[in-house]
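Structure, as structure tokens:
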Amino acid sequence: MVVMARPKRQGVRRSEMVSAATTAITKRGMTGLRIKDVAEEAGLSAGLVSYYYPSLDDLLVEVHEHAVDRFYRRRHDAVQDLVDPVERLRTTVRLGIPDAADDPLCTVLYELHLHASRNATHSALLSTLFDLEVSLYSTVLEIGRSQGVFAPSMPTEEIARTAVSLEDAYGLHIIARNRRVEPWTARNSVLRYLEAVLSCSIAEFAAD
């Protein structure tokens, strides 16, 4: 019999299970993932995990929500206190590309984004993250434009959408272990696009 935890403890339990599911996805991928795998990763019984999450997808939705929030907040918070528009833009680009093929947060996001084609909730979360990132880029670009540092050759939202799409494409190759795509070269490719459409000079990233 599963004993119900107190409300505060329930939150801790859920966090443990979300973390365990994140690790399990990073290690195994989505194919064939079971509640049992998450339970083993968390050191809990499958029955307890099922008590909190009656179906695997209930748990995956919460994992996806958590990953979207973490990924966006990491980028958002990193640029808030930066004064130089160019440095703010470089930081935005740097944090939009995975550091390595085994980047756990990006691995989980790409795995769950692929799930979006078969699930409306995951599709909505994919769209939410895209919109948040476009909004972040647009804000960074508009601040630079207002200060006379950037001279956009097209609407800033269009530039932002293209930058996010480039990041997503390069990130997929990195996570998929394409040896011809390195994180630093991917970041510099995005920077070169931004330089061209913003008419400004942006220092490239050095090789890792």
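The values are calculated or read from the model by the stated rules, or taken from the named source; none is laboratory data. Being a predicted model, the structure only gives us computed values, none of them experimental. Cβ placement follows ideal geometry from the backbone for every residue including glycine, while neighbour counts extend to all protein chains displayed.
From the list 156, 107, 162, pick out the single residue that is crowded, with 20+ Cβ neighbours inside 10 Å, closer than 24 Å to residue 196 by Cβ and of a type in the set (Ser, Thr, Tyr).
On the way: 107 fails: closer than 24 Å to residue 196 by Cβ; 162 fails: crowded, with 20+ Cβ neighbours inside 10 Å.
Going through 156, 107, 162 in turn, just one is crowded, with 20+ Cβ neighbours inside 10 Å, closer than 24 Å to residue 196 by Cβ and of a type in the set (Ser, Thr, Tyr): 156.
I need the full set of residues from segment 136-177 which are among the hydroxyl-bearing types (Ser, Thr, Tyr), touching a residue at least 24 places away in the same chain (Cβ under 8 Å) and under 19 Å from residue 84 (Cα atoms), in order please.
From segment 136-177, those among the hydroxyl-bearing types (Ser, Thr, Tyr) are 137-139, 146, 153, 156, 162, 165, 170; that's our starting set.
Subsequent filtering for residues that are touching a residue at least 24 places away in the same chain (Cβ under 8 Å) retains 137, 153, 162, 170.
Hit for segment 136-177 is 137, nothing else.
Would you kindly identify the helices (runs of 4 or more DSSP H) lying entirely within segment 3-64 that contain at least 2 residues that are in contact (Cβ under 8 Å) with a residue 40 or more places away in the chain and either surrounded by fewer than 12 Cβ atoms within 10 Å (Cβ to Cβ) or aliphatic (A, V, I, L, M) (or both)?
The helices (runs of 4 or more DSSP H) meeting that bar are 7-28, 46-52.
For segment 25-33, check the following and say yes or no: at least one residue is among the charged types (D, E, K, R) and either modelled with pLDDT of 95 or more or in contact with a Leu (Cβ under 8 Å, 6 or more places away or on another chain) (or both). Outline the logic, then answer.
We begin by selecting, within segment 25-33, every residue among the charged types (D, E, K, R); these are 27-28.
Filter once more, so that each one left must be either modelled with pLDDT of 95 or more or in contact with a Leu (Cβ under 8 Å, 6 or more places away or on another chain) (or both): none.
No, segment 25-33 contains no residue that is among the charged types (D, E, K, R) and either modelled with pLDDT of 95 or more or in contact with a Leu (Cβ under 8 Å, 6 or more places away or on another chain) (or both).
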